[in-house]
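Down below is the structure, laid out as structure tokens.
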Amino acid sequence: MILWSTKNVRETAINGMNAVFDHPQPREVLDVVAAWYYDGKKMHHNYVLEQCDIRIGDAGIESRSEVPTSFLIDGNTSTIKVGDMEFIVDHPEDTEHSRATYSDSSLFGNWGYKIIRLNKGGLVAKVDGQESSGTAYFQRVFVNSPGVAPWYWGIFHFENGGELQYFMPYFMGKAFKRDVTYFDGKERHKFRDIEVDRVEGDLPEFRISASDGERSISFIVAPYSHSAWEFVSRPLKLFSPKLVYNEYPATIRDFIFEDKARGIRATGEDTGLGVGNAEHTTGMLL
């Protein structure tokens with residue numbers, strides 16, 4: 001995972017790195033690059049973590065960081081570089097499923113978020129001299145609010161072409177948005193009232209379920225590693241609010257989707273392996 005970002009605050013510590021933001025218009029500036037990297041056996045925390053000059057142009061972005069990074073677009077292909085690692089993404093044809101999508105939500109007054117995302121693109125990666133293939137997910141987010149609402153979120157791609165996403169932000173124990181979407185390769189199925197249970201262990205598991213009349217979905221998000229980005233601020237110099245993005249590369253287990261009215265049922269045998277990333281944020285940031 002790689003992140004290019006900025007914040008509309010004066011100062012924030014990110015995993016112990018003190019970042020000072022003195023730009024007048026944060027939407028036109030990016031100046032923090034961060035990345036974690038799982039090599040199949042070991043998680044490399046803070047593989048990249050730096051505040052630096054990030055050039056933004058019509059073709060993409062490039063960071064002048066100690067580990068140089070870039071995201072450059074050429075037609076239907078994007079090339080992402082992180083040091084010696086290279087990732088080439090072929091954007092799929094413009095279908096209802098694959099095209100970039102936009103959504104927004106107002107949380108309170110003018111507080112809220114806006115997001116543009118590409119749910120799935122074909123990927124060829126070159127890491128440590130070895131080439132592999134897979135899929136990629138991209139998003140661009142504007143958030144205008146204090147970070148006071150923790151959330152559960154996940155995006156997963158299935159071996160047989162499907163896709164799974166869920167999102168549940170909550171405040172003081174009460175969720176104010178609950179949705180899970182399953183794309184079976186042909187049709188999108190959306191539920192708006194999910195339940196998320198976190199089960200503790202060496203790594204936590206997240207058990208997701210939802211039902212809507214004669215439709216139901218359930219699955220387990222099973223992490224195999226963990227990293228985190230910790231943001232700490234001191235707005236009043238009296239206390240230090242902290243927001244932690246817990247990141248869990250994970251697989252999907254025990255997947256079941258049913259639509260009894262239409263006689264549709266899908267399990268993990270139908271979807272194939274599901275791989276992606278889950279987030280569980282904790283704390284707050286003012």
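Summary of values
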read-out	value
Filter pass, Val82 being under 23 Å from Glu279 (Cα atoms) and either in the same structural domain as His189 (by TED's automatic domain parsing) or at pLDDT 85 or above (or both)	yes
Criterion violated by Ser65 - all others in (1) in a strand (DSSP E or B); (2) at pLDDT 90 or above; (3) closer than 30 Å to Asn18 by Cβ; (4) over 19 Å from the mean Cα position of the chain (by Cα) satisfied	(1)
All strands (runs of 3 or more DSSP E) inside segment 168-286 with 3 or more residues being in contact with a Leu (Cβ under 7 Å, 6 or more places away or on another chain) and either at pLDDT below 95 or of a type outside the set (D, E, K, R) (or both)	242-259, 274-283
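The values are calculated or read from the model by the stated rules, or taken from the named source; none is laboratory data. Please read all numbers here as calculations on a predicted model, not as lab measurements. Counting neighbours? That spans all protein chains shown, and the Cβs are built from the backbone with ideal geometry, glycine included.
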